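Trainee: Below is a structure I'd like to ask you about.
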Amino acid sequence: MSPLVVGITVFVLASFVGLELISKVPPTLHTPLMSGANAISGITIIGALTSAGLGRSGLAQVLGFLAVVTATINVVGGFLVTDRMLEMFKSRSARRTGSDG
Amino acid sequence: MVEILYLAAAVAFIVGLKQLGSPRTARSGNRIAALGMLAVIIITLVTEDVVNWVTIGAGLAVGTALGAWFAVRVQMTSMPQMVAAFNGFGGLASALVAAVAVVEVDLGSIPPETSVALLASLIIGAVTFTGSFVAFAKLQGILPGRPLLFPGQNVANGLLLAAMVGIAIRAGVRAEALSYWTVGGIALLMGILAVIPIGGADMPVVISLLNSFSGLAAAAAGFAIESNPLIIGGALVGAAGLILTVQMTEAMNRSLANVLFAGFGSGAATATDSTIGERPVKRATAEDVAIALRYAQSVIFVPGYGLAVAQAQHALRELADALEEEGVDVQYAIHPVAGRMPGHMNVLLAEADVPYEQLLDLEQADPRFAHTDVVLILGANDVVNTSARDDPSSPIYGMPILNVDRAGQVIVVKRSLSPGFAGIDNPIFYEDKTLMFFSDAKAALEETLKALKEL
């Protein structure tokens, strides 16, 4: 198979996995889920690192640098902020056993 | 071998997303996905023929510092605009990846599918970037939340879209860099124009849709540089964002097209302005509210955006604890679109250590109102507006609401009688069983708690 056909196959299958994964989520978790999914979309950092690593002209270097910066903000900020949100989800039992919260 | 390592990272994303869907496993799911991302970054750095280590190192350092700083500093109430901003950065990154390729690659020698992928990455990334930051500005109050409309807007957008497609085809066929840049510029403009006419109340839908877009932009970049992990991650997010978007529009009983193109909420306020403030309401003091709550058997709190703005989630939790000590049964009814994003209110209440077992969603809450003594509404309006149920001429007619008017008594804490975000008056304020407590949500809760302790 050509890379294009492989790519399309992967895209279609991954899309269906995504649809199945998300359709059963309680509303409580929609915001953290959106935030976590958003962090995963920072996967474009692969492209950013590749571009920045290979860029030869000055313009490509600048654009590549900005791509790495913005993708990294998306990844690091996205995962951290999701963790901050989820840290606060505690059940009643966790509240009792936890230190005086 | 590298492909196998990337596959492991892709599995981490899938497992992570799966675990993010359950309260017990959500946190570890996020961490698994983060580990997958770390692995991807390391694999990429090790295996690509990197020549510009300084550029990459500096970029990673600056991005990490900024991202961490934003993430640690942001308040929970500002979470929707924070997600919008992060999303905008992700879209910009995908557009920049395409831009680097346009600069570096010999455009005449690339196959047609690569130019299509480059253009898609450039367009979707740019639209995501500016669209997300307009959404950010609206939620942050930098831009007005109301829809900004001008005559012929949809026609102008349609013409712009047609021009962009035309130039994109030219860019691909003639292999001209200038056409690529023009397409990118138009896409930036379109992101702004697409979000500007949408009201602030609909921003959650827009952010969710743009989240889906940022995934598609990443997937397009994946096609452009032939990277399967990029395609997998992008497609997962594209599908996830789409499902969330559909669920949100369903919660509001509107179609996606209606959200995006109707300029919702711009005309409604003028239609109902004349009736606001002319009908009598029953005013209550903190003491009245404290007595009503203290001698009720069951109380349901209905928090809305006003609670979030006033940072009153902790005060609410303290009042709830005091009532529980008195033997009052306390629960919280959360409308799917309460706050500014689905689940936003749950996050705020979780921040205040409210156990999630006490949170009722729309379906769980509905049968309970008829058996509930007191409903306390805190800065919520549209989600309890009975005109959505009873008045076919109302712009929000058909939106599922929390039927609070079926409870024994309704107390509304609100700063004034002004209509809610959608600009629609609420008949429930004028009902006999309704008490209006005009105050900031936090002050109201603190005063009520004080009054409760003095009873």
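Trainee: Hey, among the residues in segment A:40-58 that are of a type in the set (Ser, Thr, Tyr) and over 16 Å from B:LEU236 (Cα atoms), which one's nearest to the other protein chains (Cβ to nearest Cβ)? Explain how you work it out, then say what you get.
Mentor: Just the residues of segment A:40-58 that are of a type in the set (Ser, Thr, Tyr), to begin with: A:41, A:44, A:50-51, A:57.
The next check asks that each one be over 16 Å from B:LEU236 (Cα atoms); those that pass are A:50-51, A:57.
On the way: A:THR50: 6, A:SER51: 4, A:SER57: 6 Å.
Only one residue tops the list, namely A:SER51.
Trainee: If you check every pair at least six apart or on different chains, which have Cβ atoms under 6 Å apart with a residue in segment B:357-372 that is among the acidic types (Asp, Glu) first and a residue that is surrounded by fewer than 16 Cβ atoms within 10 Å (Cβ to Cβ) second?
Mentor: Partner pairs satisfying both residue conditions: B:GLU357/A:ARG92.
Trainee: Next question, about the same structure. Residues of segment B:319-352 being facing another protein chain (nearest Cβ under 7 Å) and in contact with a helix residue (DSSP H, G or I) (Cβ under 6 Å, 6 or more places away or on another chain), which ones? Before you say what the answer is, go through the steps one by one.
Mentor: Going through segment B:319-352, the residues facing another protein chain (nearest Cβ under 7 Å) turn out to be B:336, B:341-344, B:346-347, B:350-351.
Across segment B:319-352, the qualifying residues are B:PRO336, B:MET341, B:PRO342, B:GLY343, B:HIS344, B:ASN346, B:VAL347, B:GLU351.
Trainee: Return the residues of segment B:313-337 that are under 19 Å from B:VAL374 (Cβ atoms) and hydrophobic (A, V, I, L, M, F, W, C); say none if nothing qualifies.
Mentor: First pass over segment B:313-337, keeping only residues under 19 Å from B:VAL374 (Cβ atoms): B:315-335.
Selection gives B:ALA315, B:LEU316, B:LEU319, B:ALA320, B:ALA322, B:LEU323, B:VAL328, B:VAL330, B:ALA333, B:ILE334.
Trainee: Of the residues A:ILE73, A:ILE8, A:ILE43, only one is within 23 Å of B:ALA221 (Cα to Cα), modelled with pLDDT of 90 or more and more than 18 Å from the chain's Cα centre (by Cα); which? It would help to see each step written out before you state the result.
Mentor: Details: A:ILE73 fails: more than 18 Å from the chain's Cα centre (by Cα); A:ILE43 fails: more than 18 Å from the chain's Cα centre (by Cα).
Of the residues listed, the single one that is within 23 Å of B:ALA221 (Cα to Cα), modelled with pLDDT of 90 or more and more than 18 Å from the chain's Cα centre (by Cα) is A:ILE8.
Trainee: If you go through segment B:436-455, how many residues are in a strand (DSSP E or B) and either without any contact (Cβ under 8 Å) to a residue 60 or more places away in the chain or crowded, with 21+ Cβ neighbours inside 10 Å (or both)?
Mentor: Taking segment B:436-455 as the starting set, the residues that turn out to be in a strand (DSSP E or B) are B:436-438.
Subset that is either without any contact (Cβ under 8 Å) to a residue 60 or more places away in the chain or crowded, with 21+ Cβ neighbours inside 10 Å (or both): B:437.
So the answer is 1.
Trainee: In this structure, is B:GLY36 touching a helix residue (DSSP H, G or I) at 6+ places or on another chain (Cβ under 7 Å), at pLDDT 95 or above and outside the structural domain of B:LEU118 (by TED's automatic domain parsing)? I'd like the intermediate steps shown before the answer.
Mentor: On the way: touching a helix residue (DSSP H, G or I) at 6+ places or on another chain (Cβ under 7 Å): yes; at pLDDT 95 or above: yes; outside the structural domain of B:LEU118 (by TED's automatic domain parsing): yes.
Answer is yes for this residue.
Trainee: Here's a follow-up. Limited to segment B:75-87, what total is found for residues that are more than 7 Å from every other protein chain (Cβ to nearest Cβ) and β-branched (Val, Ile, Thr)? Can you show your working first?
Mentor: Start the filter on segment B:75-87 by keeping residues that are more than 7 Å from every other protein chain (Cβ to nearest Cβ), which leaves B:75-78, B:80-81, B:84-85.
Next cut, β-branched (Val, Ile, Thr) only: B:77.
So the answer is 1.
Trainee: Of everything in segment B:88-117, what is of a type in the set (D, E, K, R) and more than 7 Å from chain A (Cβ to nearest Cβ)? Give them in sequence order. Steps first, answer last, please.
Mentor: Step one: filter segment B:88-117 for residues of a type in the set (D, E, K, R), giving B:104, B:106, B:113.
Matches in segment B:88-117: B:ASP106 only.
Trainee: Another question about this same structure. In segment B:136-153, what residues are in contact with a Pro (Cβ under 7 Å, 6 or more places away or on another chain), in a loop (DSSP other than H, G, I, E, B) and surrounded by fewer than 19 Cβ atoms within 10 Å (Cβ to Cβ)?
Mentor: Start the filter on segment B:136-153 by keeping residues that are in contact with a Pro (Cβ under 7 Å, 6 or more places away or on another chain), which leaves B:139, B:147-149, B:153.
Then drop every residue that is not in a loop (DSSP other than H, G, I, E, B), which leaves B:147-149.
Within segment B:136-153, B:LEU148, B:LEU149 meet the criteria.
Trainee: Let me ask you something else. Inspect segment B:63-74 for any residue being closer than 23 Å to A:LEU63 by Cα, over 29 Å from the mean Cα position of the chain (by Cα), surrounded by 14 or more Cβ atoms within 10 Å (Cβ to Cβ) and more than 7 Å from every other protein chain (Cβ to nearest Cβ) and give the result as yes or no.
Mentor: no
Trainee: Then there is this: For segment B:420-429, does any single residue satisfy the condition of being crowded, with 21+ Cβ neighbours inside 10 Å, within 16 Å of B:HIS335 (Cα to Cα) and not assigned by TED's automatic domain parsing to the domain that holds B:ARG254?
Mentor: Yes; the residues of segment B:420-429 include at least one that is crowded, with 21+ Cβ neighbours inside 10 Å, within 16 Å of B:HIS335 (Cα to Cα) and not assigned by TED's automatic domain parsing to the domain that holds B:ARG254.
Trainee: A further question follows. Could you look through segment B:4-51, keep only residues that are facing chain A (nearest Cβ under 7 Å) and of a type in the set (Val, Ile, Thr), and pick out the one that is surrounded by the fewest Cβ atoms within 10 Å (Cβ to Cβ)?
Mentor: Residue satisfying both the conditions and the ranking: B:VAL51.
Trainee: For B:LEU242, indicate whether it is more than 7 Å from every other protein chain (Cβ to nearest Cβ), assigned to a helix (DSSP H, G or I) and surrounded by fewer than 24 Cβ atoms within 10 Å (Cβ to Cβ). It would help to see each step written out before you state the result.
Mentor: On the way: more than 7 Å from every other protein chain (Cβ to nearest Cβ): yes; assigned to a helix (DSSP H, G or I): yes; surrounded by fewer than 24 Cβ atoms within 10 Å (Cβ to Cβ): yes.
The answer is yes for B:LEU242.
Trainee: Considering only segment B:359-374, I want to know if a residue exists there that is under 20 Å from B:SER439 (Cβ atoms), out of contact with any Leu (no Cβ under 7 Å at 6 or more places or on another chain) and at pLDDT 85 or above. Spell out the reasoning first.
Mentor: Start the filter on segment B:359-374 by keeping residues that are under 20 Å from B:SER439 (Cβ atoms), which leaves B:374.
Next, from what is left, pick out any that are out of contact with any Leu (no Cβ under 7 Å at 6 or more places or on another chain): none.
No.
Trainee: Report the residue count in segment A:56-87 for those that are part of a loop (DSSP other than H, G, I, E, B) and closer than 20 Å to B:THR44 by Cα. Even if it seems obvious, please write down each step before you answer.
Mentor: Pass one, segment A:56-87, residues part of a loop (DSSP other than H, G, I, E, B): A:56-57.
Still in the list and also closer than 20 Å to B:THR44 by Cα: A:56.
Counting residues in segment A:56-87 that are part of a loop (DSSP other than H, G, I, E, B) and closer than 20 Å to B:THR44 by Cα gives 1.
Trainee: Kindly evaluate B:LEU316 against the criterion of being more than 30 Å from B:TYR397 (Cβ to Cβ) and buried (at least 24 other Cβ atoms within 10 Å of the Cβ).
Mentor: yes
Trainee: Could you figure out which of (1) surrounded by fewer than 22 Cβ atoms within 10 Å (Cβ to Cβ); (2) more than 8 Å from every other protein chain (Cβ to nearest Cβ); (3) at pLDDT below 85 isn't true of B:TYR356?
Mentor: (2)
Trainee: Being facing another protein chain (nearest Cβ under 7 Å) and surrounded by fewer than 23 Cβ atoms within 10 Å (Cβ to Cβ) narrows it down to one residue among A:LEU19, A:LEU33; which is it?
Mentor: Values: A:LEU33 fails: surrounded by fewer than 23 Cβ atoms within 10 Å (Cβ to Cβ).
Result: A:LEU19 is the single residue among A:LEU19, A:LEU33 that is facing another protein chain (nearest Cβ under 7 Å) and surrounded by fewer than 23 Cβ atoms within 10 Å (Cβ to Cβ).
Trainee: Sticking with this structure for a sec: Pairs only if they're at least six apart or on different chains, beta carbon under 7 angstrom, first in segment B:92-111 and at pLDDT 95 or above, second surrounded by 20 or more Cβ atoms within 10 Å (Cβ to Cβ) and of a type in the set (Phe, Trp, Tyr); list them, first residue then second.
Mentor: B:LEU92/B:PHE129; B:ALA95/B:PHE129
The values are calculated or read from the model by the stated rules, or taken from the named source; none is laboratory data. Note that the structure is predicted; figures quoted are calculated from it, not measured. Note: ideal-geometry Cβ built from the backbone for every residue, glycine included; neighbour counts use all protein chains shown.
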